[in-house]
Amino acid sequence: MFATGYTPYSSVVDQRVGFPQGPVGWQGAPQSPSSYIVKKILRLEIPTDTYPNFNFIGRLLGPRGNSLKRIEASTGCRVFIRGKGSIKDPGKEEQLKGRPGYEHLDDPLHILIEAELPANVIDARLSKAQEILEELLKPVDESQDYYKRQQLRELAMLNSPLREESPRLSPHPSPHPSPHQGGASPFS
């Protein structure tokens, strides 16, 4: 079903889904073909054979999965890490191998980018997601890796006992000051 290799749009599955049903759309207005909801899936290979010691999954996910969530939010696409090595626990991966829904574990590590969007925007959104992810799939020396430094900074903030929502930082005894007390968070 999916091709392998590093060519742009290695594999795209295209199908019309859901809305609209027929030639008439919202409030009886004639429906334009560009407003049909289309589902496409794109596959990108992760070059683990070429760079076996590089932590691609950590780079893609980021602290608590936030980096991947941001890519999904900014592009409107869903991103899935699939294939051998996509499950953190190798023992559990071995148990799941061959079971229905886990056939991908027989494939090399790869990313699926899935979008279900109007036909007139889906290609641009998939291209944007592909561009961001391909950039993250280029191994960078740790001393030069700005993206990883940002992720480590974010992780430090997430793990810090002095987060913004912490009552210790608030100038007020309550973590939710009333609007009448004035004062702003030191991070505003």
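Brief remarks follow.
- For region 47-90, the residues whose backbone nitrogen is under 17 Å from a point 7 Å from the Cα of LYS128, taken along Cα to Cβ, are 67-79.
- Potential extension, TYR102-LYS84 segment - 0.36 nm per residue separation minus Cα distance: 5.5 nm
- Legend: distances between Cα atoms for LYS40/LYS84; LYS39/LYS88; LYS39/LYS148; pairs beyond 26 Å are LYS39/LYS88; LYS39/LYS148.
- With all protein chains in place and ligands, DNA and RNA left out, the 1.4 Å accessible area ranks ASP49, ASP123, ASP141 as ASP49, ASP141, ASP123, largest first.
- Per-pair calculated FRET efficiency, R0 = 45 Å: ILE37 and ASP141 via Cβ, rounded to 0.05: 0.60
- Per residue convex hull volume, Cα atoms of region 37-158, in Å³: 119
- Estimated inter-spin distance, LYS69 and LEU158, nm [label 7 Å along Cα→Cβ]: 0.8
The values are calculated or read from the model by the stated rules, or taken from the named source; none is laboratory data. This is a predicted model, so every value here is computed, not measured. As a convention, Cβ positions derive from the backbone with ideal geometry for all residues, glycine included, and neighbour counts pool all protein chains shown. With ligands, DNA and RNA removed, areas are computed over all heavy atoms of the protein, side chains included. Shrake-Rupley method; radii C 1.70, N 1.55, O 1.52, S 1.80 Å.
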